Amino acid sequence: MEIVILAVVIAVVVIGALGGLVVGSRRKKQLPPPPPAAPDITAPPAEPHVGDEAETPRDETRRTIEEVDLPDGGTAPATVEEPPVVEELEIPQVEIPEPTAGRLVRLRTRLSRSQNALGKGLLTLLSREHLDDDTWEEIEDTLLTADVGVQPTQELVERLRERVKVLGTRTPDELRGLLREELITLLGPDMDREVKTEPAAGKPGIVMVVGVNGTGKTTTTGKLARVLVADGRSVVLGAADTFRAAAADQLQTWGERVGAHTVRGPEGGDPASVAFDAVKEGKEIGSDVVLIDTAGRLHTKTGLMDELGKVKRVVEKHAPLDEVLLVLDATTGQNGLIQARVFAEVVDISGIVLTKLDGTAKGGIVVAVQRELGVPVKLIGLGEGADDLAPFEPAAFVDALIGE
């Protein structure tokens, strides 16, 4: 029995030993781990070539030409784009000024509204039943108040006293006719009042406009351009007033209204240079007239007056001036005579332009300034309208003074 048990134990030990050997052998012969899977690498997008799209082509369903619906007639009509609309520059409209012939006659009503105080005052005094010394003194005072001047007033009163006494004139119509004759005589009807603007010897007529500040000099230059254009002349404007802000713009606006070309320089530039260039251009383009607007200068400023003389000398390197027009404000009275004397010494005034006669009863300044300078009043300004500058006509002026 013991032998059987011993044999069983030995058999169990043998079987266990064999099983351990088998397991150990298997552990030693395990396969190596599989290599790691290769990472997915995305290829960089290809650089686009000429005609290619920048994006990588995508797989998408494509239709054949048989599957595409085409419009009737084959190809679609090409779309033509309209050209962009270009805004046209605004061209200033050229105005047609009123003719100058008889302009003062047409403006007589406007002039007479402000001047009748002088005419009616004189006629009232002359119509008194007794013309004694006191009445004649009142007549003198009326004339002096109207800025006729002392010497012209004395001459007028003496002639009137003599004619009234000799002729025995008493009726209102007779007195009015007598006063009219004497006033026209006082204004110098034989004086040459034509503005010299005729071109000659291959050069245009050259007119320089001078005056103190505030007399309406630049405006008068523009209105004079309208007068000349109305008479069929071609005009070049020289904006030699380089000191006053916007003076050149103002003059250019006047010129554009009537188709006149404006020559200008930089603000604060040399006025003589601008005047020289204006005359030069006027000669080159064959213009009839060159109008030069100078800076408004106070007659007390010696240096500025000297500069005005320089402008005149520089212009005359091209050709002599045909006219030097002094613009005076009629409301300044006797002070205007002081201004006139100083300007006459510097630039040899050849004519007077009286402005602002529409708002004053001091029409006698016409007589006084002519006597002072020995030059005629050639133009008068009767208002702010563009065509309110008129050639001076003594008979029409007197008729406006004393009324109908």
Could you list, in sequence order, all residues of region 311-338 that are under 24 Å from ILE380 (Cα atoms) and surrounded by 22 or more Cβ atoms within 10 Å (Cβ to Cβ)? VAL324, LEU325, LEU326, VAL327, LEU328, ASP329, ALA330, GLY336
Take VAL289 and decide whether it is open to solvent by less than 30 Å² (accessible area, probe 1.4 Å), over 19 Å from the mean Cα position of the chain (by Cα) and not charged (D, E, K, R). yes
For region 241-265, what are the residues that are in contact (Cβ under 8 Å) with a residue 40 or more places away in the chain and open to solvent by 30 Å² or more (accessible area, probe 1.4 Å)? PHE243, ARG244, GLU256, ARG257, GLY259
Being more than 15 Å from VAL209 (Cβ to Cβ), aliphatic (A, V, I, L, M) and either touching a strand residue (DSSP E or B) at 6+ places or on another chain (Cβ under 6 Å) or at pLDDT 90 or above (or both) narrows VAL290, VAL314 down to just VAL314
Region 171-190: number of residues that are in contact (Cβ under 8 Å) with a residue 12 or more places away in the chain and surrounded by fewer than 15 Cβ atoms within 10 Å (Cβ to Cβ): 2
Selection from region 247-300 of residues in a helix (DSSP H, G or I) and among the hydroxyl-bearing types (Ser, Thr, Tyr) yields THR253, SER273
From GLY211, GLY268, GLY216, which residue is touching a residue at least 12 places away in the same chain (Cβ under 8 Å) and farther than 23 Å from VAL342 by Cβ? GLY268
Taking the criterion of being buried (at least 23 other Cβ atoms within 10 Å of the Cβ) and either modelled with pLDDT under 85 or over 17 Å from MET208 (Cα atoms) (or both), would at least one residue in region 344-356 satisfy it? no
Within region 203-219, is even one residue within 24 Å of ASP399 (Cβ to Cβ), open to solvent by less than 10 Å² (accessible area, probe 1.4 Å) and more than 18 Å from the chain's Cα centre (by Cα)? no
Which of the residues that make up region 377-387 are assigned to a loop (DSSP other than H, G, I, E, B) and surrounded by 21 or more Cβ atoms within 10 Å (Cβ to Cβ)? LEU382
Every residue from region 245-268 that is of a type outside the set (Gly, Ala, Ser) and out of contact with any helix residue (DSSP H, G or I) (no Cβ under 8 Å at 6 or more places or on another chain): ASP249, GLN252, GLU256, PRO266
Top-ranked residue of region 222-240 - restricted to ones that are open to solvent by 10 Å² or more (accessible area, probe 1.4 Å) and in a loop (DSSP other than H, G, I, E, B), ranked as farthest from SER287 (Cα to Cα): ASP231
Tally up the residues in region 266-286 that are modelled with pLDDT under 85 and open to solvent by less than 70 Å² (accessible area, probe 1.4 Å), please. 1
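The values are calculated or read from the model by the stated rules, or taken from the named source; none is laboratory data. Every value quoted in this text rests on a predicted model; they were computed, and no experiment measured them. Backbone-built Cβ (ideal geometry, glycine too); neighbour counts: all protein chains shown. We work out accessible area using only protein heavy atoms, side chains counted, and drop any ligands, DNA or RNA first. Shrake-Rupley method; radii C 1.70, N 1.55, O 1.52, S 1.80 Å.
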